[in-house]
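Note sheet for the following structure.
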Amino acid sequence: MTLATSAFLGLGSNLGDRLEHLRAAVRKLDATQGIDVVRSSRVFQTEPVGPPQPPYLNAVIEVVTTLTPRELLETARGVEDSLGRVRAERWGPRTIDVDILLYDEQTIDEPDLVIPHPRMHERGFVLVPLGELDADAMLPGGGRLSSHRLSPDAVFGVRPFAPPLPTR
């Protein structure tokens, strides 16, 4: 029997009905055997990183899962595919993005799976909502969010947009 583990997932959308894409991702994840969505941060509107594109809506959710990190990644990709995600351009626009930010306190470094998420400590659109759920979350390199100083550039353009996503 696999023990249940806490994980944090980052959600983002900047195409179509952005808020509905986030809600649909939560519903699909929660409907997956081995994943229980526990809670959500508020939804934030944020400026995009990468090529010119519309603003994003971002949130972080906490899940309890019996899936391995690899199985959770495959599930996240399946949710993205089911919601019309097209991987045409690095950091390009998308209907939905589901990233594994943290999986318990584990550190994983594989070609297509890096946990903690390797750039999360540089991105206010991840750190602000993650901080609502876990102010002492682990960061890449072993630091903690509670001791990480967010630069003004990191939080510029991160604005509250909607209450937490429904989790049931």
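Data for the structure
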read-out: Over 26 Å [Cα-Cα, the stretch 5-162], rounded percent; value: 19 percent
read-out: Net charge dipole size for the stretch 5-162 [Lys, Arg +1 and Asp, Glu -1 on Cβ; Debye, nearest 20]; value: 460 debye
read-out: Sparse-neighbour loop sites [GluC sites (Glu not before Pro); the stretch 53-126; at most 14 other C-beta within 10 Å; DSSP]; value: E89, E105
read-out: Most fluctuating residue given options V79, V98, V38, as computed from a GNM of the chain linking Cα atoms under 10 Å; value: V38
read-out: The stretch 1-69 shape via C-alpha gyration tensor axes, a/c threshold 1.5; value: prolate
read-out: Long-range amide H partners of I108 with built H, under 5 Å; value: I115
read-out: Cut-off under 5 Å, modelled amide H: who pairs with L101 long-range; value: F8, L9, G10
read-out: Selection from L83, N14, Q106 lying farthest towards where the dipole of the chain points positive, charges on Cβ; value: N14
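Read-outs: derived from the displayed coordinates by stated rules, not from any lab. Because the structure is predicted, anything quoted here is derived from the model rather than measured. Because the Cβ atoms are built from the backbone with ideal geometry, glycine has one as well, and the counts that use them run over all protein chains shown.
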